[in-house]
Every structure is written in C-alpha cells, then in structure tokens.
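This report concerns only the one structure given below.
The values are calculated or read from the model by the stated rules, or taken from the named source; none is laboratory data. Fair warning: this is a prediction, and the values are worked out from it, not measured in the lab. Cβ coordinates were reconstructed from backbone atoms using ideal geometry, including for glycine residues, and neighbour counts include every protein chain displayed. Protein only, heavy atoms only, side chains kept; ligands, DNA and RNA dropped before computing areas. Shrake-Rupley method; radii C 1.70, N 1.55, O 1.52, S 1.80 Å.
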Amino acid sequence: MRITAELIPGHITKDLELPEGASGYDLIKTLNLAPDVHILARDDVPIPIDETLRDGDRLRVIAVVSGG
C-alpha cells in the first residue's frame, strides 16, 4: 500500500510503499525514526502508533521536543 508521510519539523514529504496491514510503528521504523519521540496524525487527529494504516493515508510524523 502507498502512504504519504510529512515529517515535521522540516516539512519533508515522502511517498512510501508499505505492506498491507502495516501499522504506524512500521511506518516510523521504515523512516528510521525513534518511535518514542514521534506522534502520528491523520487529518490533524493523533492516532495510536499501533493503528493499522490504510492505502492512500496521508500522515504527519511529528517530532516531539522536550527540555527545560
């Protein structure tokens, strides 16, 4: 299935091919990102990392920054 991921910050868009039944976790690992510091959003709504993705999904992959 084809997924479009927009990485934030940076606004880099990547079109990816993932196997049917892939989850948000699979997407993050495919992008070589750390799952514990990224949030996924579909239509501006956060989704759980273990949610199954759908063909044609457009997702934002948002890096979470913390510190003091």
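Over the range 1-63, with the other protein chains present, what is the accessible area per residue in square angstrom, probe 1.4 angstrom?
Heavy-atom accessible area per residue stands at 61 Å².
Grab the DSSP H runs of the chain that are 4 residues or longer, score each as -39,500 (n - 2.57), total them, divide by all residues and round the 222 nm result to the nearest 500 deg cm²/dmol.
That calculation yields -2500 deg cm²/dmol at 222 nm.
Would you mind calculating the relative contact order of the chain from Cα pairs under 8 angstrom and at least 6 residues apart, reporting the percent as a whole number?
Relative contact order for the chain comes out at 41 percent.
Pull up all non-local amide H partners of L53: gap of 5 or more, or a different chain, and H-to-H distance under 5 Å with H placed in the peptide plane.
Correct list: A22, S23, G24.
Looking at the P(r) of the chain, how many percent of alpha-carbon pairs lie beyond 19 Å?
22 percent
Where the only charges are on Cβ atoms (+1 Lys, Arg; -1 Asp, Glu), what is the dipole of the chain about its Cα centre, to the nearest 20 debye?
That gives a dipole near 180 debye.
In nm, what is the difference between 0.36 nm times the number of residues separating N32 and S66 and their Cα-Cα distance?
Here the segment from N32 to S66 would lengthen by 10.2 nm.
Obtain the nm distance between the two label points defined at D15 and D44 by a simple spin-label model: each point lies 7 Å from its Cα along the Cα-to-C-beta direction.
2.6 nm
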